[in-house]
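A.B. asks: Shown below is the structure under consideration.
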Amino acid sequence: MLDRVKALLNLGKEIQRLPKVDIDLKCTTEECTALYNSFTRPHSKLPVVKAKVWGVAILDLRNSNTEEDYLKSVGGKNSAAYFARKAERAGYEFRSFNVNDELEGIYLVNTSASERQGHSMAEWYATKQEKINLAGNYLCRGVYHGDKLTAYAFIGIFGELAIISNILGHAEHLKEGVMYKLVTGLCAELAVSDSVRFVMYDTILGASPGLRMFKERCGFEAHRVNWKK
């Protein structure tokens, strides 16, 4: 009981220190309005706070004007850039792809492990999709080894925000650094965007230690977000 109280006190202190950022989704579609509503609705476990306001994993790109700016910010020993280079040396490449040209590859990635982060895979991931409908404001990015898809992400663009909505790597390739190659590749690409200023990767507070370390290595930090539409 005492350890839990200490943990809650430490979490409270961490929350109070969070940097605050205003992010404008510039909603012009029903999808964007629904996203705004999901971010600002009461939290399922803590109704006194909003769902995606405290501890949101945000990469601030306002000071990154080139790919080199971003990669330099995540460099160093045992860094995201280090592991991305490891993947490159092993022959992995970051590429864009058409989602419906890769239904088989996505299915093989999705079903390469029955659990992720200690949780069973949702039904959507366990089922081979006949077609995936993505709106025009979504990007599809992947890491390939030859012609084999080994990791992928869907990224939605909403105003000045790019949000990583789906991201997964093939279990047999994770040790090669494919997820670092994927995230650093897409963030380096977004760094030169004329409109995107922030990237969101769900939350940091509450993430498992391993996932939190991964996000922080890739440049994401916990923020308090004031969402605008």
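A.B. asks: For a paramagnetic label modelled at 7 Å from the Cα of residue 129 toward its Cβ, which residues of the stretch 161-191 fall within the zone defined by backbone nitrogen distances under 13 Å?
C.D. replies: The answer is 165-168, whose backbone nitrogens lie closer than 13 Å to the label point.
A.B. asks: Let me ask something else about it. So which cysteines of the chain have no other cysteine's Cβ under 4.7 Å from theirs?
C.D. replies: When partners are defined as cysteine Cβ atoms under 4.7 Å apart, the chain leaves 140, 187, 218 without one.
A.B. asks: With all protein chains present, how much of the accessible area of the stretch 26-115 (probe radius 1.4 Å) comes from carbon and sulfur, to the nearest whole percent?
C.D. replies: Looking at the stretch 26-115 in its full context, I get 48 percent from C and S.
A.B. asks: Once you order the gyration tensor axes a ≥ b ≥ c over the Cα atoms, which shape class does the stretch 29-141 get: rounded for a/c under 1.5, otherwise prolate or oblate by comparing a/b with b/c?
C.D. replies: It is oblate, given that a/c is not under 1.5 and a/b is not larger than b/c.
A.B. asks: On to the next question. Relative to the Cα centre, what is the charge dipole magnitude of the stretch 113-169, using +1 at the beta carbon of each Lys and Arg, -1 at the beta carbon of each Asp and Glu, and rounding to the nearest 20 debye?
C.D. replies: Roughly 100 debye for the stretch 113-169.
A.B. asks: With 24 Å as the cut-off, how large is the P(r) tail for the stretch 70-190, expressed as percent of Cα-Cα pairs?
C.D. replies: 26 percent
A.B. asks: Quick query: amide H of residue 50 versus all other amide H atoms, modeled in the peptide plane; which residues come in under 5 Å with a sequence gap of 5 or more or a different chain?
C.D. replies: Placed amide hydrogens put 43 under 5 Å from residue 50.
A.B. asks: Now for a different question. Residues of the stretch 109-173: accessible area per residue at 1.4 Å, in Å²?
C.D. replies: The answer is 48 Å² per residue.
A.B. asks: Tally up the carbon and sulfur contribution to the accessible surface of the stretch 154-229 as a whole percent, 1.4 Å probe, everything protein left in place.
C.D. replies: Carbon and sulfur atoms account for 47 percent of the accessible area of the stretch 154-229.
A.B. asks: How long are the three semi-axes of the equivalent ellipsoid of the chain, in whole Å, if each is the root of 5 times an eigenvalue of the C-alpha gyration tensor, listed from largest down?
C.D. replies: 27, 21, 20
A.B. asks: Separate question: Express in nm, to one decimal, how much length is gained between residue 93 and residue 72 on full extension, taking 0.36 nm for each residue of separation and deducting their alpha carbon distance.
C.D. replies: So the extension gain works out to 5.6 nm.
A.B. asks: Express the C-alpha Rg of the stretch 96-163 as a ratio against the empirical globular expectation 2.2 N^0.38 Å, rounded to two decimals.
C.D. replies: 1.17
The values are calculated or read from the model by the stated rules, or taken from the named source; none is laboratory data. Remember, predicted model here, so these are calculated numbers, not experimental data. In this analysis, Cβ positions are derived from the backbone assuming ideal geometry, glycine residues included, and neighbour counts consider all displayed protein chains. Heavy atoms of the whole protein, side chains included, go into the accessibility calculation; ligands, DNA and RNA do not. Shrake-Rupley method; radii C 1.70, N 1.55, O 1.52, S 1.80 Å.
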